[in-house]
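Each remark here refers to the structure printed beneath this line.
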Amino acid sequence: VLLIGCGKIAGRFDDPAGGPVESHAAAIAGHPDFTIRACVDADAGVAKAFAEKYAIERFYTSVAELPETADFDVAVISTPDATHFSVAKSLFASREKPLGILFMEKPVCQHPGELAELLALSAAAEIPVVVNMSRRFHALYRQLRQRSIREQTGRLIRADIYYYGGWRHNGIHMVDTLNFLFGGRFTDIQILDSTDTGTEDPTLSVKCLLAGEDAEVWIHGLSDQHYQLFDLDLKYTNGRLQIRNFEADIRWETVVTNNRGEKVLVASNLFEGIGERSPLETAYAELHEYLSTGNLSILEPVTLKSVSPSMQVIWSVND
Ligand SMILES: NC(=O)c1ccc[n+]([C@@H]2O[C@H](COP(=O)([O-])OP(=O)(O)OC[C@H]3O[C@@H](n4cnc5c(N)ncnc54)[C@H](O)[C@@H]3O)[C@@H](O)[C@H]2O)c1
């Protein structure tokens, strides 16, 4: 693996003694067939410290410094949002022997033109671009897409979603989760409110309709001045699903009729095996499966093409 951008999500602050597998370096370290062979960070001190921490053979301060003959199964782009596109372009342009997979952090790019160019470069080079929309790798959201679970939840009637940290930067997580679960047909999009207004990416509150489900969606943007919050409160015809605090607390309540004939909610079990593997562990397991078999259908739900409709929704609101 070539890792570009040695910051938080890459594993810069991980405890060497172990802990939850929430970084690229931790997930790669836990996979028997992957090793980070080189790392790149624009800050030479950060690149060097990261290489020492993870015993990586080579480190560089830009993709341009990589030898032309270097060849990697996976390149990870975990640099800041605004740099993803240019780093990806330089990877596509400079490699004589291209990569197996390009694994990019979200949001992959900033404009529809960049998205179109990346899709074209990926198709021309036959290098899949996989996006770390982490909830697409999470067992909870995967089970929620299954027919057997959908039959138990019934249809979505309303969603209240809470997020922080910029519409483009973090709103993409929530829009993409809805896209992943219900399809990307967002209509009647209205901006209700805006916080973090002094920044170039305000945290918008947005109301819209999910056409396929005929459900109202309220996306509440909160400031992270006091703490970070990611919650989904999904009301279905047969019950309510609360996903609190970055999936730390997941509660399903099903509708029952009590002895007074009233419909009320009662806690029950709906999911199995959630939390056995972190999203990034699942991601690297699937990258490996694709590299071993060449079967592209393994990656289909997590490719740039699958995530593209979510990015279009994000940009349409900005417009
Ligand atoms: N998928 C997720 O759930 C998730 C979670 C956290 C962060 N992210 C994404 O990961 C990316 C990185 O976030 P972070 O919190 O780790 O950021 P960070 O600021 O901690 O790290 C980014 C690193 O990239 C380096 N860098 C900057 N420009 C570079 C360039 N052109 N080439 C090489 N290195 C460069 C910086 O020096 C820094 O060390 C962001 O795009 C963020 O949205 C995704």
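Run down the lysines and flag those whose C-alpha is under 21 Å from the C-alpha of LYS48, throwing out any fewer than 8 positions away in its chain.
LYS8
Name the GluC sites (Glu not before Pro) in the range 25-124 that are in a loop by DSSP and that have at most 10 other C-beta atoms within 10 Å, would you?
Here the sparse-neighbourhood loop sites are GLU57, GLU68, GLU96.
Can you tell me how much longer the chain between THR69 and GLN143 gets when fully stretched, taken as 0.36 nm per residue apart minus their C-alpha distance, in nm with one decimal?
22.5 nm
Loop only by DSSP, 10 or fewer other Cβ within 10 Å of the Cβ. Give me the chymotrypsin sites (Phe, Trp or Tyr not before Pro) in the range 227-319 that pass, ordered by residue number.
Loop-located and lightly packed - TYR227.
Would you please give the residues with an amide H less than 5 Å from that of TYR60, counting only those at least 5 places away or on a separate chain, with H modeled from the backbone geometry?
When sequence neighbours closer than 5 places are left aside, the close amide H contacts are CYS39, VAL40, ASP41.
Using a/c under 1.5 as the rounded threshold, could you call the chain rounded, prolate or oblate? The axes a ≥ b ≥ c are square roots of the C-alpha gyration tensor eigenvalues, and prolate needs a/b larger than b/c, oblate otherwise.
prolate
Using 1/(1 + (r/R0)^6) with R0 = 30 angstrom and r between the beta carbons of GLU117 and ALA42, what's the FRET efficiency to the nearest 0.05?
Taking R0 as 30 Å, the efficiency between GLU117 and ALA42 is 0.85.
When the Debye formula is applied to the Cα atoms of the range 9-120, each taken as the same point scatterer, what base-10 log of I(q)/I(0) results at q = 0.09, 0.15, 0.16 Å⁻¹?
Scattering profile of the range 9-120, log10 relative to I(0): -0.24, -0.68, -0.77.
Express the relative contact order of the chain as a whole percentage, based on alpha carbon pairs under 8 Å and six or more residues apart in sequence.
Relative contact order of the chain: 16 percent.
Residue by residue through the range 236-252, what is 3J(HN,Hα) from phi via Karplus (6.51 cos²θ - 1.76 cosθ + 1.60, θ = phi - 60°)? Round to whole Hz and write x for glycine and proline.
Per-residue couplings from phi come out as 10, 4, 9, x, 10, 10, 10, 10, 10, 6, 6, 6, 5, 9, 10, 10, 10 Hz.
Compute the separation of the alpha-carbon centres of the range 119-163 and the range 1-51 and state it in Å as a whole number.
Cα centroid to Cα centroid, the span is 25 Å.
Around TYR236, which amide H atoms from residues at least 5 apart in sequence, or from another chain, sit under 5 Å from its own amide H, with H modelled in the peptide plane?
Those lying under 5 Å, H to H, from TYR236 are ILE157, LEU241.
Suppose a student asked you for the relative contact order of the range 162-319, using Cα pairs under 8 Å spaced at least 6 residues apart; what percent would you report?
So the answer I get is 20 percent.
Per DSSP helix of 4 or more residues, -39500 (n - 2.57); summed, then divided by the residues of the chain. What does that give at 222 nm, rounded to the nearest 500?
Calculated mean residue ellipticity at 222 nm is -9000 deg cm²/dmol.
Using the basic label-point model (7 angstrom from Cα toward the beta carbon), what is the GLN152 to ILE189 distance in nanometres?
If labels sit at GLN152 and ILE189, their model points lie 3.3 nm apart.
Give the shape of the range 73-225 as rounded, prolate or oblate, defined through the alpha-carbon gyration tensor: a ≥ b ≥ c are the square roots of its eigenvalues, a/c under 1.5 means rounded, and otherwise the shape is prolate if a/b is larger than b/c and oblate if not.
oblate
Place a +1 charge on the Cβ of each Lys and Arg in the chain and a -1 charge on the Cβ of each Asp and Glu, then give the dipole magnitude about the Cα centre in debye, rounded to the nearest 20.
For this selection, approximately 780 debye.
Cα convex hull of the range 240-319: how many Å³ per residue?
It is 179 Å³ per residue.
Under a 10 Å cutoff between Cα atoms, tell me which one of ASN132, ASN170, ASN258 has the largest fluctuation in the Gaussian network model of the chain.
Ranking ASN132, ASN170, ASN258 by mean-square fluctuation puts ASN258 first.
Which trypsin sites (Lys or Arg not before Pro) does the range 238-279 hold that lie in a coil by DSSP with at most 12 other beta carbons within 10 Å?
When the trypsin sites (Lys or Arg not before Pro) of the range 238-279 are filtered for loop state and at most 12 Cβ neighbours within 10 Å, ARG260 remain.
With all pairs of different alpha carbon atoms counted, what Kirkwood hydrodynamic radius in Å does the range 77-161 show?
15.1 Å
Quick note: the coordinates plus some simple rules give every number you see, no bench work behind them. Worth saying up front: this structure is predicted, and the values here are computed from it rather than measured. FYI the Cβ positions are ideal-geometry reconstructions off the backbone, even for glycines, and counts take in every protein chain you see.
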